[in-house]
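Just so you know, all these numbers are worked out from the coordinates, no wet-lab data involved. Predicted model, so just to flag it, every value in this text is computed and none were measured. Here Cβ is always computed from backbone atoms with ideal geometry, including for glycine, and neighbour counts include all displayed protein chains.
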Amino acid sequence: MDIEDINYNNDFSKDAILLVEKKFHKIYWVGSTTNNVLRNNIYLIKDKNEGIIIDCGSRYDFKSTLQRVKQVMSIYNITKLFINHQDPDVSSGIIDWLDLNPNIEIITSPNINILIQHYITEHKEYKFYNTQKYPYLKLSSGAILEFIPSPFMHSPGAVTLYDSYTKTLFSGDIWAAITINWKLVLEDDFNEHIEDMDFFHKNYIANNIASRNFLINFKDRVIETIMPQHGSILAKKHIKSAFQYLKDLKSGTDNFKYISDKELSFIDNL
Ligand SMILES: [Fe+2]
Ligand SMILES: [Fe+2]
């Protein structure tokens, strides 16, 4: 089946959408179809009997995600939540997931872990998996997840997840797009998609140096599919264009004016 067929063969209002399947390892979309322009893509990796939620989304998304997950597996077999960064659209749902099951392990970078603790009331403890200390996680099927930092894209502590078994990159806000006319999988319209990505990237991604430092991680890693936290999934045919987009992107501080020592000489007189 062509991955684009996913756009037409599913009921997005309620289904868990199967995206990738390889033996005992499957990836589903369990996200949100609200009319909010910042609609969240939430993903589920089902590896044998274990479930890992990727970027659990906001508290508002929790109920619909649960309904979708239940179609695939018991919600109590969700053992881990991966969190790209601390923004509420990505991670405030951890409050509800930990209420449901306090044994869920939170996978993220140490920097992000410090921030997301502020979502938790009553200073509840939770299990923290440190992606900086343990950048590889082997699942029971044999699939290996790699945690690849993406500093300043956009959060300083942001971390992406590369599923080396299916060559899928869960990129968080990188390659995210903001659009009303949303399709889960991008079809042939990459040039139009650039406009939807620009809106987000030019304002959020720190600068071109950050983008290039991230891209170099993929010199020797093959990507079949990019799954961002907003907008559309990018299939293999778009990967080169997606990389070129980021390579040339001018964003954030690239558009700042340089302030010279002379202009700042007032400091000497303080
Ligand atoms: Fe964000
Ligand atoms: Fe986001």
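Lys183 meets each of the listed conditions (1) of a type in the set (D, E, K, R); (2) in contact with a helix residue (DSSP H, G or I) (Cβ under 8 Å, 6 or more places away or on another chain); (3) more than 16 Å from ligand 2 (Cβ to nearest atom); (4) closer than 20 Å to Thr131 by Cα apart from (4). If the condition is being in a loop (DSSP other than H, G, I, E, B) and touching a strand residue (DSSP E or B) at 6+ places or on another chain (Cβ under 9 Å), then the range 35-50 contributes Asn41, Ile42, Lys48. Among the residues of the range 244-256, are any touching a residue at least 60 places away in the same chain (Cβ under 8 Å), within 16 Å of ligand 2 (Cβ to nearest atom), surrounded by 13 or more Cβ atoms within 10 Å (Cβ to Cβ) and of a type in the set (A, V, I, L, M, F, W, C)? No, the conditions are met nowhere in the range 244-256.
Of the helices (runs of 4 or more DSSP H) lying entirely inside the range 79-193, those containing at least 2 residues that are under 12 Å from the mean Cα position of the chain (by Cα) and surrounded by 22 or more Cβ atoms within 10 Å (Cβ to Cβ) are 88-91. Any idea which residue in the range 218-233 is farthest from Cys56 (Cα to Cα), counting only those that are within 16 Å of ligand 1 (Cβ to nearest atom) and not in a strand (DSSP E or B)? Out of the qualifying residues, it is Gly231. Here is a check on your reading of the model: is Asn49 of a type outside the set (A, V, I, L, M, F, W, C) and in contact with a helix residue (DSSP H, G or I) (Cβ under 7 Å, 6 or more places away or on another chain)? Against the criterion (of a type outside the set (A, V, I, L, M, F, W, C) and in contact with a helix residue (DSSP H, G or I) (Cβ under 7 Å, 6 or more places away or on another chain)), Asn49 qualifies.
Asp196 meets the conditions (1) free of Cβ contacts under 8 Å to residues at least 60 places away in the same chain; (2) farther than 14 Å from His230 by Cα; (3) not in a loop (DSSP other than H, G, I, E, B) in every case but one. The failed one is (2).
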